[in-house]
Each structure stands twice: as structure tokens, then as C-alpha cells.
1. Could you check the range 182-289 for strands (runs of 3 or more DSSP E) lying wholly inside it with 1 or more residues that are closer than 29 Å to residue 58 by Cβ and of a type in the set (Ser, Thr, Tyr)?
2. Which residues, taken from the range 252-274, are among the hydrophobic types (A, V, I, L, M, F, W, C) and in contact (Cβ under 8 Å) with a residue 60 or more places away in the chain?
3. Is it fair to say residue 267 is surrounded by fewer than 21 Cβ atoms within 10 Å (Cβ to Cβ) and either over 17 Å from the mean Cα position of the chain (by Cα) or hydrophobic (A, V, I, L, M, F, W, C) (or both)?
4. Could you tell me how many of the residues in the range 207-233 are acidic (Asp, Glu) and either within 12 Å of residue 272 (Cβ to Cβ) or touching a residue at least 24 places away in the same chain (Cβ under 8 Å) (or both)?
5. When you look at residue 203, is it within 30 Å of residue 86 (Cβ to Cβ) and hydrophobic (A, V, I, L, M, F, W, C), yes or no?
Amino acid sequence: MIARRQPGFCRLFLFGLLGVWLGACSRADDPPGLAGEWLVDLGSVDCGVTPVASFSAERDWMLFWIRHFHADEDSGRRSSITSPALLRFEDRRLVLPAGPADRTGGPSFTPHRMCWDDAGDAVYVRRSGRSAYEEPHWYRAGLAVDSRLERAGSPPVSCREPPEVEWQWYRERVLPDALRGGLVSVKDGCCAAELRRADGVLLARYEARSRLSNQVSIGYLAWSESNRRLAYRVSEEISWWFGRPTRSFVIDQPGHPMPLDGRVYAFAWRGDHELIACAGRPHAKGGGNSLKSWRFAPP
């Protein structure tokens with residue numbers, strides 16, 4: 001029994017030494033970031049979909065996505081269920097889902113197949129096909145507090161699809177110039193990265209916080225509606241299997257990035273003055289991912 005426990009004990013001991021070593025080789029703790037406000041009490045928000053959130057024409061409604069898991073009674077296999085969630089900004093009311101968030105049944109939907117029927121005050125989402133031979137169906141939800149997701153025909157031709165932009169540093173070269181906003185991400189060797197405007201003005205520079213780091217990168221960038229503010233994420237890798245916690249920032253003037261508190265994974269701007277982001281919830285709140293909001297004063 002003792003021999004079997006030794007490998008696990010050794011791993012824990014080595015990880016403990018690594019933590020102490022990294023702490024000794026790292027710089028001082030980062031300053032506290034802007035706290036923001038939790039929008040919904042959910043721990044199942046899907047941070048990986050594109051876009052992470054989209055808005056009605058007047059920006060008074062927001063649609064995002066939640067993911068749950070269903071266990072098959074016969075096989076025991078778990079399959080994911082992706083569902084739309086609808087929030088009214090006037091009172092921060094969660095209209096969909098109307099029942100418990102952790103549902104275990106029902107259809108799953110395709111996040112990149114949705115659109116806003118601005119004329120009809122509704123949103124359309126399409127169910128995922130369970131097989132290659134099944135025709136996926138559309139569902140409709142009205143923009144009202146008593147709304148329900150109901151089976152519908154195809155959405156109208158005028159139904160507005162949200163832009164699908166993946167602001168990821170490793171795909172930066174495929175971004176259209178209009179969406180890039182004159183932004184240039186520059187690597188300075190292995191352990192520093194800069195954000196510059198096309199005219200060369202330095203927006204922000206980040207250097208490794210640990211002597212052991214071998215890569216610093218800037219990614220997941222998102223401009224506000226009129227390019228007034230920029231949100232982005234900074235990553236720092238120690239090795240291929242370990243990295244320091246990511247940090248996220250907002251810039252509204254060159255050289256003065258404002259840090260955001262916590263783990264922030266993806267961004268969506270509501271105009272120029274409110275940032276919506278998918279963020280990790282503290283363990284005290286149950287963990288998982290949910291949505292936060294940061295508000296910035298007009299210039």
C-alpha cells in the first residue's frame with residue numbers, strides 16, 4: 001500500500017515545490033481590478049460560443065447560451081444540451097430559461113444559427129439535428145417577460161444575424177481591416193507583447209511576470225461600438241502544460257489600461273459604455289461561468 005501511494009505523494013510534493021519556486025521567481029501581486037457586476041445567477045454560461053452574447057436592435061434584450069448535460073438512463077453516457085437564454089436589461093430579468101437552469105432534457109440548439117426579428121420583436125434559434133438525415137427545426141421566442149420558446153417556421157428574410165468575429169490572436173491575420181480597427185499586436189521576443197495602433201502609437205505593453213515564462217501573448221480582443229474602448233486578454237505561459245492566470249484589461253486612452261477583476265474569457269460590448277463578459281465564478285458562488293457587466297462613464 002505504501003509503495004502505491006508514493007507516486008501520488010511525489011507529484012504533490014513536486015507541485016508544491018513548483019508553486020513555491022514560481023512564487024519566488026514572480027513579481028509582486030497585480031493591483032486589484034475593476035470588480036464589475038454579476039448579471040445572472042447562473043454557473044452554466046457557455047463562454048466558447050461566437051459571439052458570446054448578442055443584442056436586440058435597441059440593446060434592451062440580450063441572448064446568450066447555457067450548457068447542461070443529460071445522462072442516458074440505459075447507457076449512462078452524458079451528452080451536452082445547449083440552450084438559449086434571454087435577458088431583459090430594464091430590470092436584469094432572466095426570461096429564458098423560465099424554469100430551473102440545470103435542466104436534464106429537451107432539445108439542444110446551434111448557437112451560430114440564430115437571428116433577431118427586429119420588426120416582429122422576436123428572436124429565432126435553430127435546433128441541432130440529431131442526425132445527418134434529420135431536418136433541423138426553428139424555434140421562436142418573443143421579446144416579452146412571459147416569453148416561451150415555441151416551434152416555428154423559417155425566420156423572415158429580414159431576420160438579422162449577429163456578426164461572428166473570433167478575436168483570437170492566432171487568427172488575427174484573417175480579420176477584416178474594418179473590424180481590426182487599426183490595431184496591431186506586436187511580439188517583442190519571447191516574453192513581451194505590445195498593442196499598437198496602425199500609426200505606431202503604443203496602447204499597452206506587457207512583460208513576463210515570472211523569470212520562467214517563455215511566452216506572453218495578447219488575444220481575445222474586442223472593440224466597443226465606435227472603437228472608443230478596447231477589451232482584451234493577456235496570457236503568459238511557463239511551459240506547454242502550465243501558465244499563469246490570464247488577465248483582462250480595457251483601454252480607453254493609450255498607456256492607461258484598466259485591469260478587470262477575476263478570470264474573464266470572452267467579451268461583447270453593449271454600445272461604447274458597457275462591457276459584457278463571460279467570466280469564471282468564485283467557488284463560494286458555486287463555480288462555473290456566468291456573465292458580468294462593467295460600466296464606463298461617457299467621455
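1. Per the criteria, 215-223, 230-239, 242-251, 264-270.
2. Within the range 252-274, 258, 260, 266, 267, 268 qualify.
3. It is false that residue 267 is surrounded by fewer than 21 Cβ atoms within 10 Å (Cβ to Cβ) and either over 17 Å from the mean Cα position of the chain (by Cα) or hydrophobic (A, V, I, L, M, F, W, C) (or both).
4. 1
5. No: the conditions fail for residue 203.
To keep it simple, each residue is scored yes or no on (1) closer than 21 Å to residue 52 by Cβ; (2) out of contact with any Cys (no Cβ under 8 Å at 6 or more places or on another chain).
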residue	(1), (2)
214	no, no
233	yes, yes
254	no, yes
275	yes, yes
298	no, yes
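FYI, it's all coordinate maths here, none of it is from the lab. Computed from a predicted structure; not experimentally measured. Neighbour counts are summed over all protein chains in view; Cβ atoms, including those assigned to glycine, are modelled from backbone coordinates with ideal geometry.
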